[in-house]
Amino acid sequence: MSKGQPFSVRLEAATEKVVEAEARRTRRSKSAVVEAFTEETARTRRFPGIAFRGDDARRRAWVVGSGLDVWEISQMLEDFGSVEKLVADTHLSLAQARLAVAYRNAYLEEIDDLIADNRRPVDELRVLFPFIDVMEA
């Protein structure tokens, strides 16, 4: 992604303290923190019902009320084959499934990368994480 034009912003003192604390905690610049906050907020406003969770390196979009990340719902949709089957056979509502689909379509590469990580072959997981047991179905 390309960067936009620089501009100045003045934050209220309390907000600036939050940004400074987050910058220290994550070892990022204040600008990077404000950019991350802004991006998440823009996404949650664009997709009401989407929130974010996880640590800084692996923030993930999830569908509020479902307990599931967007990538998990998207992977389930691939497995079920249709939104109708997914909704019929899970606790998800049609609105939640459609929201996940809309978010995935907007951020396809991000969601597809998370699905690909989850679908890694067992042999690859054993090489990457030799200290864990991998259960095979």
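For the subset of the stretch 50-79 comprising residues that are of a type in the set (S, T, N, Q) and under 14 Å from residue 96 (Cβ atoms), which member is surrounded by the most Cβ atoms within 10 Å (Cβ to Cβ)? Don't jump to the end; show me each part of the working.
The first filter runs over the stretch 50-79 and keeps only residues of a type in the set (S, T, N, Q), leaving 66, 74-75.
Among the residues that remain, those that are also under 14 Å from residue 96 (Cβ atoms) are: 66, 74.
On the way: 66: 19, 74: 22.
In this case the residue turns out to be 74.
Contact map, the stretch 14-32: first residue part of a helix (DSSP H, G or I), second residue surrounded by fewer than 13 Cβ atoms within 10 Å (Cβ to Cβ) and modelled with pLDDT under 95, Cβ cut-off under 6 Å, separation 6 or more or different chains; pairs are 26/56.
The set of residues from the stretch 81-111 being touching a helix residue (DSSP H, G or I) at 6+ places or on another chain (Cβ under 6 Å) and hydroxyl-bearing (Ser, Thr, Tyr) comprises just one member, 103. What is the residue count in the stretch 68-85 for residues that are closer than 18 Å to residue 52 by Cβ and either among the hydrophobic types (A, V, I, L, M, F, W, C) or assigned to a helix (DSSP H, G or I) (or both)? Count: 6.
Yes/no matrix, rows are residues, columns are (1) of a type in the set (Gly, Ala, Ser); (2) touching a strand residue (DSSP E or B) at 6+ places or on another chain (Cβ under 9 Å):
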| residue | (1), (2) |
| --- | --- |
| 67 | yes, no |
| 72 | no, yes |
| 87 | no, no |
| 98 | no, no |
| 106 | yes, no |
| 113 | no, no |
| 125 | no, no |
| 128 | no, no |
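Being surrounded by 15 or more Cβ atoms within 10 Å (Cβ to Cβ) and either among the basic types (Lys, Arg) or more than 19 Å from the chain's Cα centre (by Cα) (or both) is the requirement here; does residue 83 meet it? Yes.
For the stretch 13-58, what are the residues that are acidic (Asp, Glu) and in the same structural domain as residue 110 (by TED's automatic domain parsing)? Give the steps one after another, and end with the answer.
As a first pass, look at the stretch 13-58 and keep what is acidic (Asp, Glu): 16, 20, 22, 35, 39-40, 55-56.
Answer for the stretch 13-58, where residues must be acidic (Asp, Glu) and in the same structural domain as residue 110 (by TED's automatic domain parsing): 55, 56.
Could you list, in sequence order, all residues of the stretch 16-29 that are surrounded by 13 or more Cβ atoms within 10 Å (Cβ to Cβ) and more than 18 Å from residue 59 (Cα to Cα)? If the condition is that a residue be surrounded by 13 or more Cβ atoms within 10 Å (Cβ to Cβ) and more than 18 Å from residue 59 (Cα to Cα), then 16, 18, 20 are the ones that fit. Would you confirm, using the coordinates I've provided, whether residue 39 is of a type in the set (D, E, K, R), part of a helix (DSSP H, G or I) and crowded, with 16+ Cβ neighbours inside 10 Å? The answer is no for residue 39.
Here residue 54 fulfils each of the conditions (1) in contact (Cβ under 8 Å) with a residue 60 or more places away in the chain; (2) at positive phi apart from (1). In summary, helices (runs of 4 or more DSSP H) completely within the stretch 86-136 and bearing 3 or more residues that are surrounded by 12 or more Cβ atoms within 10 Å (Cβ to Cβ) and assigned by TED's automatic domain parsing to the domain that holds residue 61 occur at 94-106, 108-118.
The values are calculated or read from the model by the stated rules, or taken from the named source; none is laboratory data. Everything numeric here is computed off the predicted structure, so don't read it as measured data. Positions of Cβ are generated from backbone atoms using ideal geometry, with glycine treated the same way; all protein chains shown enter the neighbour counts.
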